[in-house]
Amino acid sequence: MSHGLAGIPHDVYEDARALFDFNQLHHELRPCSVAIGLGSHDLGVADLTAELFARRLFPLIVFSGANAPTTRDRLPAGEAVHYRKRAVELGVPPDAILVEPRATNTRQNIEFSRCLLADRGIDPESAILTCRPYQQRRAYATCRRLWPSLRVICASAPHSFDGYVEAIGDPAFVINMIVGDTERVIEYPKLGHAIDQEVPSAVGDRGRPRRTLEGLEKNTRIRAIVSRPWGARGRQAAARRLTRPGRSTGYE
């Protein structure tokens with residue numbers, strides 16, 4: 001079996017590419033009432049949100065996110081706080097940004113942002129969710145379940161799979177996160193956390209996600225970042241143990 005980047009088998013890498021593509025929705029951007037930036041390790045979300053604000057696609061931003069174990073070092077003040085700082089550096093007026101600093105998962109991102117807006121008398125009709133590329137489908141499904149009256153579209157930085165892996169710098173970590181998000185798209189509707197979405201047979205029925213994960217498990221270096229069940233905390237903690245000195249990764 002041929003091996004590619006970081007010794008990851010080629011077929012595993014290509015499976016992950018297919019999942020990465022599946023999780024993007026390619027929504028057409030249009031003006032909305034507000035943007036909600038979903039916190040994570042990826043400051044590119046803040047960059048994109050600032051860019052869309054400059055294009056006058058919305059007048060108000062909510063950045064939502066506390067910390068995951070693997071963002072505490074890189075973003076010690078909290079994900080939303082660091083997103084706000086980055087956006088202000090890029091020219092967004094501070095008074096155009098609200099910070100929701102408590103959310104630790106996507107459901108809370110939506111619920112807590114909605115409450116923050118309501119507390120200020122704001123009842124938006126529409127929103128752009130800015131997030132990591134492979135989080136789009138899960139973010140959309142979660143928002144539609146929890147806030148059905150909101151017209152929502154998703155936006156991410158326009159990375160290819162290869163480009164995103166290169167930008168983050170840890171292929172195994174990125175692939176594991178993509179698999180986890182795909183599992184949530186499949187499983188969370190059964191738990192009432194998200195709406196149902198059409199999942200192609202090549203992706204669903206635990207086929208491609210499971211195969212991709214099993215391929216990762218065969219790679220000795222990255223075995224520690226793969227955990228069952230699909231708990232984000234377990235993946236985060238294990239991924240941090242593998243993070244090389246001077247570099248941080250994260251999830252949520």
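Here is a check on your reading of the model: is residue 57 aliphatic (A, V, I, L, M), in a helix (DSSP H, G or I) and assigned by TED's automatic domain parsing to the domain that holds residue 120?
Here the answer is no, as residue 57 does not meet what is asked.
For residues that are part of a helix (DSSP H, G or I) and buried (at least 23 other Cβ atoms within 10 Å of the Cβ), tally how many sit in the range 142-162.
Residues meeting the conditions: 2.
Here is a check on your reading of the model: is residue 116 more than 16 Å from the chain's Cα centre (by Cα), within 19 Å of residue 53 (Cβ to Cβ) and in a helix (DSSP H, G or I)?
So residue 116 fits the description; yes.
What pairs come out if I take residues in the range 137-163 that are closer than 14 Å to residue 109 by Cβ and at pLDDT 95 or above and pair them with residues that are in a helix (DSSP H, G or I) and of a type in the set (Gly, Ala, Ser) whose C-beta lies under 7 Å away, six or more apart or interchain?
Listed pairs, sorted by first residue: 154/139.
Could you give every pair whose Cβ atoms fall below 7 Å, whose first residue belongs to the range 93-108 and is farther than 20 Å from residue 50 by Cβ, and whose second residue is acidic (Asp, Glu) and modelled with pLDDT under 95, counting only separations of at least 6 or pairs across chains?
104/252; 105/252
Name every residue in the range 55-66 that is closer than 13 Å to residue 39 by Cα and touching a residue at least 60 places away in the same chain (Cβ under 8 Å), in order of residue number.
Across the range 55-66, the qualifying residue is only 65.
Given (1) at pLDDT 95 or above; (2) in a helix (DSSP H, G or I); (3) crowded, with 21+ Cβ neighbours inside 10 Å, identify the lone condition not met by residue 129.
(2)
The values are calculated or read from the model by the stated rules, or taken from the named source; none is laboratory data. Computed from a predicted model, the values in this text were never measured in an experiment. Glycine also receives a Cβ, built like all others from the backbone with ideal geometry; neighbour counts cover every protein chain displayed.
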